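Before any comments, here is the structure.
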Amino acid sequence: MYEKTNESSSIRHNIVNCTKCYICGNILSAFSLSLPGLNQSVSTGLGQSKATSGANGQILVTVSKQKFDARQTDEQGNSGDWRKQISKGDTAGLPGNSNQLKGDKMKLTISSNWNATTDSKNGSWKSN
């Protein structure tokens, strides 16, 4: 971060020069993923920062034709338990893990069922 001074009015502005920014984990952030079938998984990027160590997260699903599973994982690979059989319209809790610490970068991982086909999944989530 650096400060820039406006000479004409002597007002100081803080300007953030950021190449990687993270959303605080207690704010919902949108996701849109294409989930392959046959028990495969995909993840968002590490786009959230854990707000409270070990806290449970939340997922809200707006688009999904098939049920799926979801969990939150930190940058060290510590994952909460899978939340199973999530459907369109669900608001579901995502179990936390005691090794997920405040400030850890977090991602959402979703997994299809063994008999599922490729499907779009949209909604929002937060790691808390």
- Message: As a test question: what accessible area, to the nearest 10 Å², does K84 have when a 1.4 Å probe is rolled over all protein chains in place?
- Response: 120
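Of the cross-linked pairs K67/K102; K84/K105; K65/K121, which ones have a Cα-Cα span greater than 19 Å in the structure shown?
From the list (K67/K102; K84/K105; K65/K121), the Cα-Cα distance tops 19 Å for K67/K102; K84/K105.
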- Between I27 and Q40, 0.36 nm times their residue separation minus their Cα-Cα distance comes to what? 1.9 nm
- Exposure of T118 as accessible area (Å², to 10), given a probe of 1.4 Å and all protein chains: 90
- Item | Descending semi-axes in Å of the range 21-65, equivalent ellipsoid built from Cα gyration tensor | 23, 12, 11
- Using a 1.4 Å probe and counting only protein heavy atoms, arrange R83, R71 so the residue with the most accessible area comes first. R83, R71
- Item | Hull shadow area, averaged, the range 14-117 [alpha-carbon convex hull, nm²] | 7.1
- Query: With every protein chain left in place, what is the accessible area of S41 in Å² (1.4 Å probe, nearest 10)?
  - Reply: 70
- Rank these residues by their accessible area, most exposed first, probe 1.4 Å: L33, L46. L46, L33
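The values are calculated or read from the model by the stated rules, or taken from the named source; none is laboratory data. Treat the numbers as computed from the prediction; the structure is a model and nothing was measured. Ligands, DNA and RNA are excluded from the accessible area calculation, which covers all protein heavy atoms including side chains. Shrake-Rupley method; radii C 1.70, N 1.55, O 1.52, S 1.80 Å.
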